[in-house]
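Since the structure comes first, as structure tokens, the remarks are kept for the end.
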Amino acid sequence: MSTLTLEKGINALKEQIDAPVAAFFSSCVHCGLCAEACLFYTETGDPRYAPINKVEPLRRIWASEFTLWGKLKKLVGLNKTVTDELLQQWEPLIYDGCTLCGRCSMVCPVGNDISTMIRKVREGMVASDHAPEGLVGASTRAIKIGSPMGVRLKALQAQIKHIEADTGLTIPVDVEGADYMALLSSMEIINFPEYIESLAKIFKQADISWTLSSEAYEATNSGIQIGSSDIARELVQRVVDGAEKLKVKYVISPECGHAYTAIRWDGPNLIGRPYSFKVVHILELLDQLRNEGKLKTTGQFDKRITFHDPCQIVRKGGVEAQPRNLLKQVASNFIEMEEHGKMNWCCGGGGGVSANERADEIRLKAFKRKKSQLDEINVEVMVTACANCRLVLEEGLEENNMDIPVIGLSELISDHLTEE
Amino acid sequence: MDIFNNANDFLIWTRGTGFNIAIAIFIFGVLIRVLEILLLGRKADYSEPRGTQWGPGLKTIISRSLVDKGTLNRSPFVVVVGYIWHIGFFICLLLFVPHIELINASLGIKWPGLPSPVLDAAAAVTMFSMLAILWHRMTHPVMKFLSTYEDYLVWLLSFLPLLSGYIAYHRMINPYPMALGLHLLTVELLLVVFPFTKLMHAFTLFLARWYTGAMMGRKGVES
Amino acid sequence: MNRQTLLEMLQQQGVTRRGFLKYCTALTSLMALPPSMVSAVAEALETARRPSVIWLSFQECTGCTESLTRSYSPTIEGLIFDHISLDYHHTLQAASGTAAELAREQAMHENKGKYLVVVDGSIPLDNPGFSTIAGISNVAMLKETVANAVAVIAVGTCAAYGGLPHAAPNPTGAVSVSDLVPDKPLINVPGCPPVPSVITGVLAHFLTFGAIPELDELGRPKVFYGQSIHDRCYRRSFYDKGLFAESFDDEGAKKGWCLYRLGCKGPMTYNACATLKWNQETSWPVESGHGCLGCSEPNFWDAGSFYKALSIPDGDYARAAGYAVAAGVGIGAVAGLLNKNTKANAVAKHSSVSVDDFAVNKNNNNEGA
């Protein structure tokens, strides 16, 4: 038995209503354009995936609790109610069929930020126990083990040892008073330890004072993905505590999309106060070093290469020019996809979709959108700046027999660092 | 109509009492709707802003009237017909001299009108495009799926003033006071349902665009 | 009583046959009949006998009579009017007092079932004493007089629709002839006053055909009231081009542009002014530079300012809007605060979610235990 109930879910939805939400619902004219901006609709043709349809539970709460007209309707029983059946029906739309990529929010002609509303609906889903098992598992591991993938400190220490042995570099851990504290995503620790190595190389060359924290190394935040502020708060608090303990000036968000949203934008609001440190994305930091002339690279990558914008970093994070500046420094044959930057198409696995096994099938279907984007430009290599995008892209490319390697941007930079 | 002895009484009612009732409900309703949105407010945002809010918010109010290329390519019909009917509607509403007179009398501002044949054509094009949009709403899988009775009601109530205006202009119903009265009545119906339906988007889209533009602008995202 | 035919009468007045036929042609076209009808009209008029007409004047200003009689040179229309046997008209007749009333009763008696009743003015119903003639209330005289009439012609907007006496707040309870005479052939000839040739045209039609002409839904002869002032206005092209006078002495006014913005009610007014004109076809209101008042329409006096464009609502909508603003702001503020309260309550009721709360985890824990 769950202690999470429909009542709690409805209450959570009520908590989510604010002036923007009310303005958004008041403005929708059912034009259907958001559907064409959503890869889950374009690749399935199923109108239920129209983004505005996904927020129906929240709309019902708004209409019957936050409008005078709706309250009158409710008095005479004409309002549409939110029931467990409704939430159950909507769960796959909210979790499997939405990556919170925010593309719908960019095209809505009346200016509705639909994806933010879908994130809000997830709060109600969690509170009424309608979250998918995959995300419940990830959240539970994140809270109890410290990583959604179950990565423990020992694993990180092993990777550090390995890298130090391989490269002769030192990976600083728990250095109090360092300027920068780097965060990592579990995927980077397990699948792409090259990222850690790249950081070490780049920071050494640029003479950056940095450290990892043994208590707060995990950047990913399953609470953000499942849509629970309570869980997200606990996870953010760990990072804040770690950073404040080491008295760092900056925390570096790694190559991970939602981690950036979690620590950069949502975090201070979750803990209810501004941080004592600043948060920078690794791409922001690298571009700053490049600007300051501290990022010396040699040679250029000459294969046809494109950049996949992670939604949370670009469309929802505002880091758009930086990766391009960096790429231009190290790649001579950089080609943009037709729709890129803030209008890029999602890989299909963000927003917890890739952590939700139930969504595997539709995720691979949705990948067709990325595939057709790639088919148009015929590139040899892809670069991205999100470990999750990278895994999802790799899987999608493999599924479609496309031989395009995917690499991390920091890694690409580090590969071209001028040897001293 | 039983309560009216003749078409002239009907016109007098629609120009007088009817309009008073309609404009009062319209203003009353719109104010309530806007206030119940605005007073909800937003939580303070503690994250360190990358950009400002006001500028991007205002910019988005304008920029969302323009379509991105991808959307235009994927939904040319909705985009193009949507533009046509909105622009046509506003031409008819704002550039027909009798309408300008009404605006001038109520708000004290005026501007030159367009010759009648131009408006005649605009009205015809607008009505035609509205019929096309209706057809699209009834057949396109997404629009059909999303549409509720309210969408069709609002379509009808937006279409009727155009139709009745066209009929009145061409005197297709006699006597003219009946035609003009019907036109006013359809406009009054539109005003009355306005605050309770998605017609509110005509006001709230400024709020919606501003909030989105401001929230994104704060993050340094151009929307 | 030996009654002359119209032709005999005209000949006595020195009108030639040629002049008579010319008039018949004009009359035929006035009545919108095909040219082939000219001879039929002439024939009918030649042999038409003088009909007895009883003219009742109730709450009126005598403007309608003035309109009819103020032609400054004799016209054939005027002669037609002369031709009828106006047996009772208290403004025009020489007799007065008992003799006058006697004339009316005599005419009714002698021409029972054949005489015409012309009415100008409205009839007060609130108190019969508001308007009486020889001690007889208007309503009583009307009912008595029309009882044996062949047809009734309501001349002027007061008789046709109540007119000025009927204007709000209608202190006398004035009603129109049609309100009191539901069962007689009735022709409304509205206007304040009506165009004189329209009055005589209607009479001529009755003389020619012995029946009432085709009427519109307001009881007006379609031949004269079938088209709006706007449709026949010589300034119409300016309306279509969007050229409007904005004051009575601006350039537009001097150039003869459309008077819509100055309140012309031409678009909603059905009358023959634009084609028949006034003062022997000299001019008409719009030609003289003033917008149409809409005087041939019911309740024109209550249809808003003569100087406000037709499209401007007529009520005190600014006041209605003012109340709406006050009420909207008040109730909107309350609604907004209620919303805030709803949300605050929800936030207060928030029960923190922990990963242990999920059913999946609970079940797993149970299994484990």
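Here, each number is a calculation from the coordinates, and none is a lab measurement. Predicted model, so just to flag it, every value in this text is computed and none were measured. Note that we place each Cβ from the backbone using ideal geometry, even for glycine, and neighbour counts take in every protein chain shown.
Some points to look at:
- Highest mean packing comes first when the peptides C:175-187, C:198-210 are listed by Cβ atoms within 10 Å, giving C:198-210, C:175-187.
- Shielding by partners - mean other protein chain Cβ count within 10 Å, residues of B:16-24: 6
- Residue with peak Gaussian network fluctuation, chain A [Cα springs, cutoff 10 Å], from A:I196, A:I17, A:I313: A:I17
- Over the residues of chain C, the helix contribution to mean residue ellipticity at 222 nm works out to -12500 deg cm²/dmol, using -39500 (n - 2.57) for each DSSP H run of at least 4.
- With 27 Å as the limit on Cα-Cα distance, the pairs of A:K371/B:K144; A:K54/B:K198; A:K120/A:K316; C:K254/C:K277; A:K54/A:K342; A:K73/B:K144 that go past it are A:K371/B:K144.
- Inter-chain Cβ neighbour average for residues B:177-184, partner chain, 10 Å: 3
- Listed by Cβ neighbour count within 10 Å, with the fewest neighbours leading, C:V38, C:V146, C:V189 appear as C:V38, C:V146, C:V189.
- Qualifying GluC sites (Glu not before Pro) in the range A:105-185, where qualification requires a DSSP coil assignment and no more than 15 other C-beta atoms within 10 Å, comprise A:E176.
- Normalising the average separation of contacting C-alpha pairs (under 8 angstrom, six or more residues apart) by the number of residues puts the relative contact order of chain C at 13 percent.
- Rounded to the nearest 10 degrees, the angle from helix A:229-246 to the longest Cα principal axis of chain A is 30 degrees.
- Relative packing of peptides A:235-245, B:20-30 - highest average C-beta neighbours within 10 Å first: B:20-30, A:235-245
- Estimated 222 nm signal from helices in chain A, with DSSP H stretches of n ≥ 4 weighted -39500 (n - 2.57), rounded to 500: -14500 deg cm²/dmol
- Fewest-first ranking of C:H109, B:H140, using other Cβ atoms within 10 Å as the exposure measure: C:H109, B:H140
- Taken residue by residue and averaged, Cβ atoms of other chains lying within 10 Å of the Cβ of A:257-268 number 2.
- Cβ-isolated cysteines (cut-off 4.7 Å), chain C: C:C24, C:C61, C:C64, C:C158, C:C233, C:C258, C:C264, C:C273, C:C292
- Sparse-neighbourhood loop sites, trypsin sites (Lys or Arg not before Pro) in the range C:188-264 - DSSP loop, at most 13 other Cβ within 10 angstrom: C:K255
- The range B:38-55 and the range A:326-393 have their alpha-carbon centroids 31 Å apart.
- Cα long-axis angle, helix B:149-169 against chain B (0 to 90 degrees, to the nearest 10): 50 degrees
- Mean-position separation - Cα centroids, the range C:263-277 and the range A:215-247, in angstrom: 80 Å
- Viscosity 1.002 mPa s, 20 °C: Kirkwood-radius Stokes-Einstein D of the protein assembly as shown over Cα pairs, µm²/s: 62 µm²/s
- Peptides A:138-144, C:267-273, A:39-45, C:335-341 ranked from most to least packed give C:267-273, A:138-144, A:39-45, C:335-341, packing being the mean of other C-beta atoms within 10 angstrom over each peptide's residues.
- Cα-based convex hull volume of chain A per residue, rounded to whole Å³: 138 Å³
- Whole-Å distance, taken between Cα centres, linking the range A:193-211 and the range C:200-249: 93 Å
- Between helix A:153-167 and chain A: long-axis angle, C-alpha atoms, 0 to 90°, nearest 10: 30 degrees
- Highest mobility in the GNM of chain C, judged by mean-square fluctuation with C-alpha springs under 10 Å and restricted to C:V53, C:V355, C:V117, is found for C:V355.
- Fraction of the pair-distance distribution of the range C:301-369 above 17 Å, Cα-Cα pairs, percent: 72 percent
- With R₀ fixed at 56 Å, the C-beta to C-beta distance from B:S106 to A:K365 puts the FRET efficiency at about 0.55.
- Residue with peak Gaussian network fluctuation, chain A [Cα springs, cutoff 10 Å], from A:C38, A:C347, A:C28: A:C28
- Under 15 Å from C:K222, Cα to Cα: aspartates and glutamates that are on another chain or at least 8 residues apart: C:E214, C:D231, C:E297
- Debye intensity ratio in log₁₀ form over the Cα atoms of chain B, taken at each q of 0.08, 0.12 Å⁻¹: -0.38, -0.83
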